[in-house]
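Okay, structure first, notes after.
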Amino acid sequence: MIVTAGATNRSVYFYITGDASHASPGDPITGLLFSDIETGGSASYARQGAARVDLTLITLASASAAHADGGFILVDDTNMPGVYRCDYPDAAFATGVDQITCDLLVAAAKNAHVAPVIVDITDVNLRDAVRAGLTALPNAAADAAGGLQYRMLVVLILMLF
């Protein structure tokens with residue numbers, strides 16, 4: 001997962017499967033509630049070079065509900081079994097680090113395995129189609145009025161490689 005530094009209201013999606021002790025190891029686990037994480041487990045994140053930060057989870061009204069820090073819900077029990085949404089606070093994605101790790105630990109009695117999600121934090125805005133959030137470039141398309149001349153843009157790209 002790649003997130004622009006300073007991004008707000010970000011959700012992370014986890015795929016939760018049965019562990020080796022589960023009746024069906026490797027199969028998706030459905031029906032987990034936030035209490036299955038909070039009681040005997042944990043939700044947290046760690047910014048590069050910093051200590052782990054614990055989240056207090058709450059139940060979201062639906063998988064499409066507005067972001068709420070600590071929000072947790074199963075996305076779709078039928079069509080996406082095992083996929084859960086967890087809403088992380090804005091502080092997790094603040095500028096200053098290159099990477100964070102988001103993790104869930106499910107209560108042992110549920111016999112579940114969750115792989116942590118590594119999030120790369122970048123200063124480049126991959127959603128900015130004109131200049132990728134690079135403020136030193138003009139905010140205009142190549143060859144448009146005020147934009148870089150196309151030939152100059154090709155030279156710049158070639159210089160990068």
TODO: Can you tell me how much longer the chain between Met80 and Ile58 gets when fully stretched, taken as 0.36 nm per residue apart minus their C-alpha distance, in nm with one decimal?
DONE: 5.8 nm
Task: Around Ile29: net Lys/Arg minus Asp/Glu count, Cβ-Cβ under 15 Å - done: -3
Open item on the list: I need the semi-axes of the equivalent ellipsoid of region 1-125: take the C-alpha gyration tensor, multiply each eigenvalue by 5, square-root it, list largest first in whole angstrom.
Closed with: 25, 15, 13
- [ ] Would you mind calculating the gained length between Thr101 and Thr30 on full extension (0.36 nm times residue separation, minus the Cα-Cα distance), in nm to one decimal?
- [x] 23.2 nm
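Laboratory data are not the source of any read-out in this text; all were calculated from the coordinates shown. This is a predicted model, so every value here is computed, not measured. In this analysis, Cβ positions are derived from the backbone assuming ideal geometry, glycine residues included, and neighbour counts consider all displayed protein chains.
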